[in-house]
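The values are calculated or read from the model by the stated rules, or taken from the named source; none is laboratory data. Predicted model, so just to flag it, every value in this text is computed and none were measured. Cβ: placed from backbone, ideal geometry, glycine included. Neighbour counts: every protein chain shown. Protein only, heavy atoms only, side chains kept; ligands, DNA and RNA dropped before computing areas. Shrake-Rupley method; radii C 1.70, N 1.55, O 1.52, S 1.80 Å.
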Amino acid sequence: MGEAISNYAKRILPSTDLDRLLEALQQKGYTLVGPTVRENAIVLEEIEGAEDLPVGWTETQEAGSYKLSRNGSEEYFDFASGPHSFKKYLFPPRLKLWQAKRHRAGFKVEQENDQAPSYAFIGVRSCDLCAIEIQDKVFMGDSYVDPVYKERREKAFILAVNCTKPGNLCFCSSMDTGPKAKSGYDLAVTEQLKESEHVFLIQAGSEKGHELLEALELADADEGAVEFENKQLEDAATSMGRFLDTHKLPSVLKNNFEHPRWEQIADRCLSCANCTLVCPTCFCHTVEDTTDLTGDVAERWRQWDSCFTGDFTYFAGGSARASTKSRYRQWLTHKLSTWTDQFGTFGCVGCGRCIAWCPVGIDLTEEAAAIRATDLVSD
Amino acid sequence: MIAALASPMLTTPWPIIKTHRENSDTFTLELEPPESNGPFAFKPGQFNMLYVFGVGEIPISISSDAGNPETILHTTRKVGTVTNALGELRTGDSIGIRGPFGTNWPVEEAVGKDVVIVAGGIGLAPLRPALLHLLEHRRQYKNVILLYGSRTPEEMLFRKDLEKWSSQLDIQVYVTVDRATRSWRGMVGVVTPLVHRAPFDRKNAVAMVCGPEIMMRYATEELQRRGVPDDMIYLSMERNMKCAIGMCGHCQYSSEFICKDGPVFSYDRIAHLMGKNEV
Ligand SMILES: Cc1cc2nc3c(=O)[nH]c(=O)nc-3n(C[C@H](O)[C@H](O)[C@H](O)COP(=O)(O)OP(=O)(O)OC[C@H]3O[C@@H](n4cnc5c(N)ncnc54)[C@H](O)[C@@H]3O)c2cc1C
Ligand code: SF4
Ligand code: SF4
Ligand code: FES
């Protein structure tokens with residue numbers, strides 16, 4: 001997604017100075033959000049400093065499983081995607097949009113002021129950065145703009161982390177969404193743990209990031225560090241645990257609306273909606289209108305929804321997509337086909353979350369490959 | 001920290017200035033756009049999101065004359081929670097309005113052509129503004145034909161309009177009912193076969209169709225059989241809608257967001273989807 005654009009100089013941030021950087025962000029008024037260990041997973045929460053980062057933790061992921069483990073490493077970012085993505089901060093799971101009060105024969109409506117702080121997102125992987133850019137298109141890319149998303153997005157600071165050890169379920173190389181963060185960040189780091197030193201190669205991607213970095217007065221990166229980074233990222237690009245062939249994939253899926261594979265997936269899929277909730281690009285939501293007990297105050301809430309739920313397509317007395325088969329087909333076809341018509345990009349960034357968090361281990365790369373392998377309309 | 005932009009999900013209360021019962025389950029609300037919002041303008045075929053205080057919000061087409069946007073009509077059939085609550089409201093009450101949304105009937109593209117309008121049941125409501133436009137600018141069009149199917153004579157909508165149009169020489173109105181009652185002396189049967197005999201020039205006609213999806217499919221087949229090209233057939237599609245601004249995802253119909261790419265589509269754009277199950 002996009003070409004590398006940053007011309008800012010690369011600097012060296014000793015790992016022991018990570019807190020200086022985080023403190024500088026806090027001093028600028030940012031609330032830090034980053035990876036931290038909670039309930040057997042590496043999740044995204046508000047953090048206070050580097051000590052909250054999952055140093056010494058990693059995880060192993062398989063289809064339908066995520067296992068947290070200690071690896072004793074000193075690295076801060078030695079893990080792949082967890083169950084959370086930054087969408088929960090830009091597009092909150094549940095949000096009050098407005099309230100209304102009865103007023104004579106009518107009522108008065110007041111927009112809810114969003115109280116969210118300015119977030120600094122710490123450790124944003126390239127795939128998740130691309131996911132944010134995809135949601136930008138949904139919530140502020142057309143004639144209507146969601147003001148809550150826009151304000152949170154514009155206020156946010158992004159500290160990206162280039163991926164050096166992709167996980168078993170990752171396929172950002174296939175989606176052209178990683179492992180190196182190409183654009184859209186304020187600062188990007190590559191963690192380098194060698195025998196003699198533990199540093200971050202750090203580079204600004206925006207004026208905001210540049211300013212902050214200058215204030216830290218760091219040494220320039222030498223050629224050795226830059227070469228090592230190139231090697232790290234090249235190795236990462238070729239060690240993805242999953243692969244997805246995207247060649248003509250949008251038309252392959254459209255042409256195979258009647259493929260028997262959909263029925264087979266439906267035999268396993270529980271229509272539980274986990275895949276959509278963990279996905280960093282899924283944007284579907286519903287609107288709930290409520291009143292208080294007196295009936296004089298009404299509220300409108302927005303809440304994440306999923307194309308796997310029964311009510312999602314309810315109209316004229318029935319569901320447009322009643323079967324699990326049609327729901328999985330809608331989900332996969334949206335991600336890897338119709339999304340490209342709607343927004344000019346795939347709706348998948350190859351983060352692997354939906355594979356790990358599917359209770360029955362359905363793997364979209366496997367399903368897409370199976371449909372391609374038995375294409376009903378091969379051309 | 002005040003959101004600088006008004007949320008497109010924010011509704012505006014509009015007072016109901018009149019209510020009218022169309023039949024046993026369908027009613028029309030006449031609304032007055034509040035002056036504070038500036039003039040309200042819409043195109044035939046567009047819809048608003050109607051909010052009943054504390055109950056919910058639903059898409060309803062505008063059924064009034066786009067040439068007279070000082071008062072706005074919505075004609076609604078009671079089918080569930082929100083439509084029933086809407087039906088309880090009286091003159092002087094207010095409902096919330098967001099809109100107008102969506103694409104419109106091709107009244108500009110139809111200039112110089114025959115226009116055949118096929119409506120089933122409540123489907124006449126979104127087509128009424130198109131009919132009013134055609135009749136107001138009558139000289140711009142060739143034949144104007146309305147084919148309307150209702151379940152029973154009692155359930156016919158816009159009875160006054162239909163009586164008036166039927167007596168006019170510049171529009172040909174054919175009304176049919178599924179089930180006749182004693183006093184009915186008109187046609188009996190579904191509306192789609194009427195397409196076969198309607199007096200229009202297949203090479204120079206535009207069709208506008210609205211009704212239940214199954215009826216629209218049959219009507220389209222009849223129009224195709226008469227030789228009307230797919231890009232001259234327009235349909236208004238319906239799906240669950242929670243936002244009307246292309247964000248909630250509910251109305252997706254393959255690549256289309258019915259709320260913003262539709263609801264009015266030319267048939268060639270959706271031909272590959274019509275008739276498929278569970279798209
Ligand atoms: C663009 C558009 C224009 C419409 N114009 C009109 C009109 O002019 N007159 C009219 O009577 N009806 C119209 N409808 C249908 C109307 O929106 C539904 O009848 C209404 O939403 C039903 O809501 P309910 O709460 O009464 O029903 P319930 O069955 O209680 O609704 C439950 C849920 O289903 C959804 N839903 C139910 N039926 C429909 C439906 N047919 N279409 C979309 N969502 C539905 C509701 O939004 C709600 O989320 C239109 C629909 C669309 C999409
Ligand atoms: S579809 Fe799955 S792999 Fe793709 S972005 Fe969503 S969660 Fe990640
Ligand atoms: S694919 Fe897996 S995660 Fe998604 S709805 Fe089906 S069972 Fe749930
Ligand atoms: S109604 Fe929400 S996307 Fe169309």
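Taking A:Gln303, A:Gln232, A:Gln111 as the candidate residues, the one with maximal mean-square fluctuation in a Gaussian network model of chain A, Cα springs under 10 Å, is A:Gln111. In terms of the mean number of neighbouring beta-carbon atoms within 10 Å, the peptides A:271-281, B:139-149 order highest first as A:271-281, B:139-149. Size descriptor for the stretch A:115-217, Kirkwood hydrodynamic radius: 15.0 Å (Cα pairs only, one decimal). Taking B:Gln252, B:Gln168, B:Gln224 as the candidate residues, the one with maximal mean-square fluctuation in a Gaussian network model of chain B, Cα springs under 10 Å, is B:Gln168. The charge dipole of the stretch A:221-338, taken about its Cα centre with unit charges on the Cβ of Lys, Arg, Asp and Glu (plus for the first two, minus for the last two), comes to roughly 860 debye.
Among B:Val175, A:Val349, the sequence by solvent-accessible area, most first, with a 1.4 Å probe is B:Val175, A:Val349. Ranking B:Leu86, B:Ser36, B:Asn143 by how far each Cα lies toward the positive end of the dipole of chain B (charges on Cβ) leaves B:Asn143 at the top. Counting only other chain Cβ atoms within 10 Å of each residue's Cβ, the peptide B:9-20 averages 3. Once you order the gyration tensor axes a ≥ b ≥ c over the Cα atoms, which shape class does chain A get: rounded for a/c under 1.5, otherwise prolate or oblate by comparing a/b with b/c? It comes out oblate by the Cα gyration axes. The calculated 222 nm mean residue ellipticity attributable to helices in chain B amounts to -5000 deg cm²/dmol, summing -39500 (n - 2.57) over DSSP H runs of n ≥ 4 and dividing by all residues. Straight-line cross-link reach from A:Lys182 at under 16 Å between alpha-carbon atoms covers these lysines, not counting any fewer than eight positions away in the same chain: A:Lys10.
For chain A, the dipole from Cβ point charges (+1 on Lys and Arg, -1 on Asp and Glu) about the Cα centre works out to 1620 debye, to the nearest 20. In this simple spin-label approximation, B:Ile17 and B:Met187 carry label points 7 Å from Cα along the Cα→Cβ vector, and these lie 3.7 nm apart. Averaging the Cα positions of each part gives two centres, and for the stretch A:194-211 and the stretch B:241-266 these lie 44 Å apart.
First measure r as the distance between the Cβ atoms of B:Glu108 and A:Lys248, then evaluate 1/(1 + (r/R0)^6) with R0 = 45 Å and state the FRET efficiency to the nearest 0.05. Here the calculated transfer efficiency is 0.75.
Counting Lys and Arg as +1 and Asp and Glu as -1, each charge on the Cβ, what is the dipole of chain B about the Cα centre in debye, to the nearest 20?
Numbers: 30 positive and 31 negative charges, 128 e Å.
Charge dipole of chain B: 620 debye, to the nearest 20.
Candidates B:Thr71, A:Met140, B:Cys248 compared by Cα position along the dipole of the protein assembly as shown: farthest toward the positive end lies B:Thr71, with charges placed on Cβ.
Whole Å is fine, so just give me how far the alpha carbon centre of the stretch A:142-178 lies from that of the stretch B:43-63. About 35 Å separates the Cα centre of the stretch A:142-178 from the one of the stretch B:43-63. For chain B, the relative contact order comes to 17 percent (Cα pairs under 8 Å, sequence separation of at least 6).
For the stretch B:12-101, the relative contact order is 39 percent, taking Cα pairs closer than 8 Å that sit 6 or more residues apart in sequence and dividing their mean separation by the residue count. With a Förster radius of 22 Å applied to the C-beta separation of A:Glu366 and A:Ser323, the computed FRET efficiency comes to 0.55.
For the cross-link pairs B:Lys18/B:Lys260; A:Lys108/A:Lys208; A:Lys108/A:Lys150; A:Lys67/A:Lys88; A:Lys325/B:Lys43, the ones whose C-alpha atoms lie over 32 Å apart are A:Lys108/A:Lys208; A:Lys325/B:Lys43. The relative contact order of chain A, computed from alpha carbon pairs under 8 Å that lie at least 6 residues apart in sequence, is 22 percent. In the stretch A:230-379, taking the dipole from charged Cβ atoms about the Cα centre, the farthest positive-side position among A:Ser326, A:Trp304, A:Phe257 is held by A:Phe257. Among B:His74, B:His133, B:His20, which one moves the most in a GNM of chain B with springs linking Cα atoms closer than 10 Å? Most flexible of the set in this elastic network: B:His20. Within the stretch B:187-202, find all residues whose amide N lies under 14 Å from a label point positioned 7 Å from the Cα of B:Arg217 along Cα-to-beta-carbon. Answer for this model: none.
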